Amino acid sequence: MNPASIGGGFDPNTPNAARMYDYFLGGKDNLPADREAAEKVLRFVPEIPIGIRENRAFLARAVRFLAEQGIRQFLDIGAGLPTQRNVHQVAAEVAPDARTAYVDNDPQVLAHARALLQDSPQVLVVEGDVRRPAEILGRPELRAHLDFDQPIAVLLLAIIHFIPDGDDPVGIIAAIRDALAPGSYVAISHVAVDERPQAAPGVEGVYNNASAQFVARMSGEIAPFFKGLDLVDPGMVNLHEWRPDIPVVAPVLEKVKSYFLCGVGRVS
């Protein structure tokens, strides 16, 4: 799945972050307003589709790695619209008994996910806003689906860059981390603007009129999100550098550069 929009409600005239992400992926679950806004973003950062695909690839590698470490419970917060090789599908390739919960607060995302996954007993779709982690973690249906006394892998992929500093993203992640049993993991991916700071104001301007505001951050501002976690090798790196299945060739490296960071940390 792709990252969630932060704002709720359905308005076909307001660009939606989740549907824009779908458009960047080449999907069909988007509207004219989403496509228009996405095209504006692409004028500032034309390589965004590469980063989006790399984020999907990171999701698959991270989930596979975590399942291989013995994780059998996955909590994807900010899940977004269903696409190919979702968390539960990747996990099932390693551990058919793995349980997955998807959390989002976008009505369209929830409707799509529930329609597609209603016959999957290992999967739960829950409404929730990442800015209110206590509400998510306290949902009775989530507690019934996942055992918080056992390790859980929480995925926060391409969603924290939609959380402004005023909402305390470090505190949000800490609250989630502190609710997990030892041996759990937290995976995070976040756009970094180190290589393209001049494009940040334009991109932020587009998202200011969308369902979620994009927050441009440098890599030094992203590192604190992993505080309190034991980062597994190779640490906080570019998406394509996190345990790649095959070596990344130079032309690809030139295109991706340092603008989408990720990492997986263990709860001790």
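The values are calculated or read from the model by the stated rules, or taken from the named source; none is laboratory data. The model shown is predicted, which means the values in this text are computed figures rather than measured ones. Cβ atoms come from the backbone with ideal geometry, glycine included; neighbour counts cover every protein chain shown.
Residues that are under 28 Å from residue 238 (Cβ atoms) and part of a loop (DSSP other than H, G, I, E, B) occur in the range 133-151; there is at least one. Of everything listed in (1) of a type in the set (Val, Ile, Thr); (2) without any contact (Cβ under 8 Å) to a residue 60 or more places away in the chain; (3) crowded, with 20+ Cβ neighbours inside 10 Å, the single unmet condition for residue 63 is (2). One residue stands out among those in the range 100-125 that are surrounded by fewer than 20 Cβ atoms within 10 Å (Cβ to Cβ) and among the charged types (D, E, K, R): the one that is modelled with the highest pLDDT, which is 114. Filtered by the rule that a residue be of a type in the set (D, E, K, R) and either closer than 21 Å to residue 109 by Cα or in contact (Cβ under 8 Å) with a residue 40 or more places away in the chain (or both), the range 187-223 gives 194, 195, 196, 217. For the range 93-116, residues that are within 13 Å of residue 66 (Cβ to Cβ) and among the hydrophobic types (A, V, I, L, M, F, W, C) total 3. Scanning the range 53-86 for residues that are among the basic types (Lys, Arg) and not in a loop (DSSP other than H, G, I, E, B) yields a total of 4. Note on the range 126-185: among residues that are surrounded by fewer than 14 Cβ atoms within 10 Å (Cβ to Cβ) and small (Gly, Ala, Ser), the one that is farthest from residue 17 (Cα to Cα) is 181. Apart from one condition, residue 50 fits all of (1) crowded, with 21+ Cβ neighbours inside 10 Å; (2) part of a helix (DSSP H, G or I); (3) hydrophobic (A, V, I, L, M, F, W, C); the exception is (1). Only one of the listed residues (176, 172) is among the β-branched types (Val, Ile, Thr), within 14 Å of residue 76 (Cβ to Cβ) and not in a loop (DSSP other than H, G, I, E, B). That residue is 176.
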